[in-house]
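Each remark here refers to the structure printed beneath this line.
Nothing in this text is a laboratory measurement; each read-out follows from the coordinates by a stated rule. Small disclaimer: the values here were computed from a predicted structure and weren't measured. FYI the Cβ positions are ideal-geometry reconstructions off the backbone, even for glycines, and counts take in every protein chain you see.
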Amino acid sequence: MTEQKKKLFPFAWILLVLVIMALIAYYLYENRFKGKPETDQNNQELKLIDKHENDTTVTAYISFVNDDTNKMTLDHEYSNTALLKLSKAISAMARSAGYVVKADLNQAETDANKITTDPLVITHADNIRKAADILSEALNNLQRAKYPSLSTDASAVSAAAQKIDPDVMTLDQKNKVKQFFQRSAELLSKMN
């Protein structure tokens with residue numbers, strides 16, 4: 001009987017080694033081939049995030065804001081143009097990044113156009129604020145979806161929009177309105 005155990009002993013070790021090798025092979029197969037598509041998908045998503053577009057519409061808005069030399073006047077042409085260019089820049093950036101804007105940019109443009117119809121109406125700041133709220137929401141949504149590393153910049157845009165007081169004449173808060181345009185330009189510049 002001891003001789004029979006001795007003959008089975010090497011066979012048992014060989015069988016144990018083969019079972020362990022089969023388990024290792026199965027583990028490697030599962031992790032290498034079944035885990036790979038998910039890894040590739042994650043890599044594709046990372047490539048889309050923080051992608052810079054170099055869009056000319058965005059560049060035009062940034063240049064317009066940066067070239068400002070105290071252009072805000074009673075006719076509100078500067079604010080109107082800045083809001084319209086910002087709306088178009090957000091739309092272009094979203095399109096380039098493959099993102100659908102969830103904010104109503106048409107309403108923002110309507111509010112922007114209201115400020116040039118009658119220079120003596122006292123609701124200009126209210127319309128600018130409404131447009132700024134819509135545009136900052138659109139920028140924040142775009143930032144969260146496609147540019148997660150720019151959350152501080154997006155928050156600065158929202159804060160600047162909130163500082164525009166709808167009950168104060170626009171020309172009495174030029175710096176607040178310009179700060180909104182500037183913060184938006186800075187965020188778009190980093191995205192672009």
Q) Of K146/K176; K85/K190; K114/K146; K71/K146, which sit over 25 Å apart, Cα to Cα? A) K146/K176; K114/K146; K71/K146
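Going by C-beta contacts inside 10 Å, put L171, L188, L15 in order with the fewest on the left. Mind showing how you got there, number by number?
Working: L171 14, L188 27, L15 11.
Ordered from fewest to most neighbouring Cβ atoms within 10 Å, L171, L188, L15 come out as L15, L171, L188.
Based on the alpha-carbon gyration tensor of segment 56-191 and its eigenvalue square roots a ≥ b ≥ c, which shape applies: rounded if a/c is under 1.5, prolate if not and a/b is larger than b/c, or oblate? Write out the running numbers ahead of the final one.
Values: a/c = 1.71, a/b = 1.68, b/c = 1.02.
In terms of gyration-tensor shape, prolate.
Kindly put F180, F11, F64 in sequence by how many other C-beta atoms sit within 10 Å of each C-beta, fewest to most. Present the calculation step by step, with values, prior to reporting the outcome.
On the way: F180 30, F11 9, F64 18.
With the fewest neighbours first, F180, F11, F64 line up as F11, F64, F180.
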Q) For M169 and S155 in the same chain, what is the full-extension length gain: residue separation times 0.36 nm, less their Cα-Cα distance, in nm? A) 2.6 nm
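Considering Cα pairs under 8 angstrom that are at least six residues apart, work out the relative contact order of segment 56-191 and quote it in whole percent.
That works out to 28 percent.
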